[in-house]
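Asker: Got a structure for you, questions after.
The values are calculated or read from the model by the stated rules, or taken from the named source; none is laboratory data. Here the structure is a predicted model, which is why all the values come from computation and not from measurement. Neighbour counts are summed over all protein chains in view; Cβ atoms, including those assigned to glycine, are modelled from backbone coordinates with ideal geometry.
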Amino acid sequence: MQNGIPSGLASGLTGIVVGLLAIALPSPAQLPTQVLGPQIKTPPKSQASPPKPQEDRFPPNPLEIQEPDPLLPQGKQPLSAAERDRLRTALDALSAQGSAKLQAGQTQEAFDLWNRELRLRRALGYREELIALGRVGEIAWQQGQTQEVRYITQRLQQIQAAIQKPPVPADQADLTELLGIAYQLVRSPNLALSVYEPKLAQARQRKNALEEFNTLNEIGLLQLNWFRYPSAAQTYRDLLTIARQNQDPTSEVLYLIQLTYVHEQAKQPEQAVPYLEDLLQIYQEQPEVLPALTLRLAENYDAARNFEKAEQNYQAAYTLSQAITQSSYGADALQKLGKLYRRNDRWDAAIQVYDFLVDYGQTINDLYISMNAADQLGQLRLLQKDTAGAIAAFQQGLQFAQVLQLRPEYFSKRIETAQKPADSSSSPADSPKVEPKASPTTPSTSPTSPTIEKQKKS
């Protein structure tokens, strides 16, 4: 290669140019002596050695090498049943040898064996070849063998084109399914969708409800795996519609859960809310499920900045958890309710919650909850300039921390800081930060807000 021109082409061009110059210009013998001037003899040039052929930058595709192979009977197609069995056994052995080489750290040798296997699998038909391509393709992707993944993907595309041409193979549906799986194994979601989407359109055209249902599930799972949440939401809405039309409550619950998850992952909490409310309606007769669902609903209302609904559902989650002694959901709901109040500068309501949590943590034998609640309580009382109340709360927190052997020095420092005279010119470095006030939709403190009564310690 010379300046981007292949060496053979460069030599040919040189010859043409020299020939044209020879035709256009007279020879030295034809020129007058005055023009020629004194003749200067130059030493003969040493003959240049021919350029060495450069190595091909793109090695041949190992899946397309056309060489006779001792494992494959020559000149006989199709193979007999006995020959197919013998070849299949030999190829399974090649596959096992490749796995052993990879285990021994001989990656190139492993793929050399697998490529030979894949070339020979063609003789057994598309079905067996697709299974093998998917298996080796996934290993290649896991091992970072980009070129190998490319070769296998190209072969999958060749098979896809072949099975779509007439005459269509009798097992086209099975081959299409295997092709979609193989594309997923080599991490080619767009190519997988190029298989599933026409399949879905055909199922709908033929009004084949079962095939439509199965294909939608395949597409939805693929979209979830590749974080394509807007597309996944539409797919699962279609599946939810089918489940409701078929009066299939099990599938309906599954797709409501999937739609909740999809919208939460897409940071669309307000769109997750309706599906959670539907789930709550379905599970009204199963109280053991209600605290978790209600807490999830409250969290989505909170994220959507609908603080009034969030407050109601946090309180409801706590109440529901007490009816069936699910203390973990109750504690979680109260802690998040306290944070909601604090974010919205509802300090009196937050103090009431954290004061209750100090006792509640002891009641359910979870001193970690009590310790954190005492810390929050102390910080809030400092914000209200209630130094004595803050010190009392931090002292409680210190007692819990000493029992847990967790951060006692933190509470000691809090107590020490709170006992120092306030400096009007500056605030302590470790004083609690006041979070920004929420939007006007924030519920205001009112006497109608539900009150949490303290439980007696057991």
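Okay, residues lined up against (1) among the polar types (S, T, N, Q); (2) out of contact with any Lys or Arg (no Cβ under 9 Å at 6 or more places or on another chain):
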residue: Asp238; (1), (2): no, yes
residue: Gln245; (1), (2): yes, yes
residue: Glu252; (1), (2): no, no
residue: Ile257; (1), (2): no, yes
residue: Val262; (1), (2): no, yes
residue: Leu290; (1), (2): no, yes
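Asker: State whether the residues of the stretch 328-338 include one that is closer than 30 Å to Leu216 by Cβ and either small (Gly, Ala, Ser) or assigned to a helix (DSSP H, G or I) (or both).
Answerer: Within the stretch 328-338, none of the residues are closer than 30 Å to Leu216 by Cβ and either small (Gly, Ala, Ser) or assigned to a helix (DSSP H, G or I) (or both).
Asker: Which of the residues spanning the stretch 278-298 are of a type in the set (D, E, K, R) and loosely packed, with under 15 Cβ neighbours inside 10 Å?
Answerer: Glu285, Glu288, listed by residue number.
Asker: Still on this structure: Is it the case that the stretch 159-171 has a residue that's assigned to a helix (DSSP H, G or I), over 30 Å from Asn115 (Cβ atoms) and hydrophobic (A, V, I, L, M, F, W, C)?
Answerer: no
Asker: Where the second residue is surrounded by fewer than 16 Cβ atoms within 10 Å (Cβ to Cβ) and in a loop (DSSP other than H, G, I, E, B) and the first is free of Cβ contacts under 8 Å to residues at least 12 places away in the same chain and lies in the stretch 74-97, which pairs have Cβ atoms under 8 Å and are six or more apart or on separate chains?
Answerer: Gln74/Pro68; Glu83/Pro73; Glu83/Lys76
Each row is one residue, and each column tells you yes or no for (1) within 23 Å of Pro73 (Cα to Cα); (2) of a type in the set (Phe, Trp, Tyr); (3) loosely packed, with under 14 Cβ neighbours inside 10 Å.
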residue	(1), (2), (3)
Leu91	yes, no, no
Ser95	yes, no, no
Gly98	yes, no, no
Gln106	no, no, no
Trp114	yes, yes, no
Glu117	yes, no, no
Arg121	yes, no, no
Leu124	yes, no, no
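Asker: So, in the stretch 178-190, of the ones that are among the small types (Gly, Ala, Ser) and in a helix (DSSP H, G or I), which residue ends up farthest from Ile219 (Cα to Cα)?
Answerer: Ala182
Asker: Related question: I'd like to know if the stretch 135-147 contains one or more residues that are surrounded by fewer than 21 Cβ atoms within 10 Å (Cβ to Cβ) and of a type in the set (Phe, Trp, Tyr).
Answerer: yes
Asker: If a residue must be of a type in the set (Gly, Ala, Ser) and either in contact with a His (Cβ under 8 Å, 6 or more places away or on another chain) or surrounded by fewer than 18 Cβ atoms within 10 Å (Cβ to Cβ) (or both), how many such residues does the stretch 225-240 contain?
Answerer: Summing the residues that are of a type in the set (Gly, Ala, Ser) and either in contact with a His (Cβ under 8 Å, 6 or more places away or on another chain) or surrounded by fewer than 18 Cβ atoms within 10 Å (Cβ to Cβ) (or both) in the stretch 225-240 gives 2.
Asker: Restricting attention to the stretch 55-68, does a residue exist that is part of a loop (DSSP other than H, G, I, E, B), more than 18 Å from Glu148 (Cβ to Cβ) and either of a type in the set (Asp, Glu) or at pLDDT 95 or above (or both)?
Answerer: yes
Asker: Specify which of the listed residues (Leu200, Leu102, Leu193, Leu175) is part of a helix (DSSP H, G or I) and within 23 Å of Pro59 (Cα to Cα).
Answerer: Only one candidate passes the filter, namely Leu102.
Asker: Picking from Thr260, Thr215, which residue would you name as being of a type in the set (Ser, Thr, Tyr) and under 25 Å from Leu175 (Cα atoms)?
Answerer: Exactly one residue qualifies, and that residue is Thr215.
Asker: Quick check on this structure: which one of Phe356, Phe411 is touching a Lys or Arg at 6+ places or on another chain (Cβ under 7 Å), surrounded by 16 or more Cβ atoms within 10 Å (Cβ to Cβ) and not small (Gly, Ala, Ser)?
Answerer: Phe356
Asker: Here are Pro450, Pro443: which of them is surrounded by 13 or more Cβ atoms within 10 Å (Cβ to Cβ) and at pLDDT below 95?
Answerer: It is Pro443.
Asker: Of the numbered conditions (1) crowded, with 18+ Cβ neighbours inside 10 Å; (2) farther than 21 Å from Pro68 by Cβ, Leu87 satisfies every one except a single condition; which is it?
Answerer: Of the numbered conditions (1) crowded, with 18+ Cβ neighbours inside 10 Å; (2) farther than 21 Å from Pro68 by Cβ, the odd one out for Leu87 is (2).
Asker: Which pairs turn up if I take residues in the stretch 378-407 that are surrounded by fewer than 22 Cβ atoms within 10 Å (Cβ to Cβ) and look for partners that are in a helix (DSSP H, G or I) and among the charged types (D, E, K, R) with beta carbon separation below 8 Å, at least 6 apart in sequence or on another chain?
Answerer: Final answer for the pair search is Thr387/Arg381; Gly389/Arg381.
Asker: Does the stretch 69-95 hold any residues that are farther than 18 Å from Ile131 by Cα and assigned to a helix (DSSP H, G or I), and which are they?
Answerer: Ala81, Ala82, Glu83, Arg86
Asker: Shifting gears a bit: From (1) crowded, with 18+ Cβ neighbours inside 10 Å; (2) under 28 Å from Val186 (Cα atoms), pick out the condition that doesn't hold for Ser321.
Answerer: The one condition Ser321 does not meet is (2).
Asker: Just checking, does the stretch 297-317 include any residue being charged (D, E, K, R), closer than 21 Å to Leu406 by Cβ and in a helix (DSSP H, G or I)?
Answerer: No, the stretch 297-317 contains no residue that is charged (D, E, K, R), closer than 21 Å to Leu406 by Cβ and in a helix (DSSP H, G or I).
Asker: Residues to consider are Arg150, Arg187; find the one that is among the basic types (Lys, Arg), without any contact (Cβ under 8 Å) to a residue 12 or more places away in the chain, under 25 Å from Glu128 (Cα atoms) and surrounded by fewer than 20 Cβ atoms within 10 Å (Cβ to Cβ).
Answerer: Arg150
Asker: For the structure I just gave you, tell me whether Ser231 is over 15 Å from Tyr275 (Cα atoms) and of a type in the set (Gly, Ala, Ser).
Answerer: For Ser231, the condition - over 15 Å from Tyr275 (Cα atoms) and of a type in the set (Gly, Ala, Ser) - is met.
Asker: Can you name every residue in the stretch 272-290 that is part of a helix (DSSP H, G or I) and not polar (S, T, N, Q)?
Answerer: Ala272, Val273, Pro274, Tyr275, Leu276, Glu277, Asp278, Leu279, Leu280, Ile282, Leu290
Asker: Could you please find all residues in the stretch 306-320 being touching a helix residue (DSSP H, G or I) at 6+ places or on another chain (Cβ under 8 Å) and either among the charged types (D, E, K, R) or under 16 Å from Asn365 (Cβ atoms) (or both)?
Answerer: If the condition is that a residue be touching a helix residue (DSSP H, G or I) at 6+ places or on another chain (Cβ under 8 Å) and either among the charged types (D, E, K, R) or under 16 Å from Asn365 (Cβ atoms) (or both), then Lys309, Glu311 are the ones that fit.
Asker: While we're looking at this one, here's another question. Look through the stretch 268-277, keep the residues that are in contact (Cβ under 8 Å) with a residue 12 or more places away in the chain and surrounded by fewer than 16 Cβ atoms within 10 Å (Cβ to Cβ), and return whichever of them is nearest to Pro230 (Cα to Cα).
Answerer: Glu270
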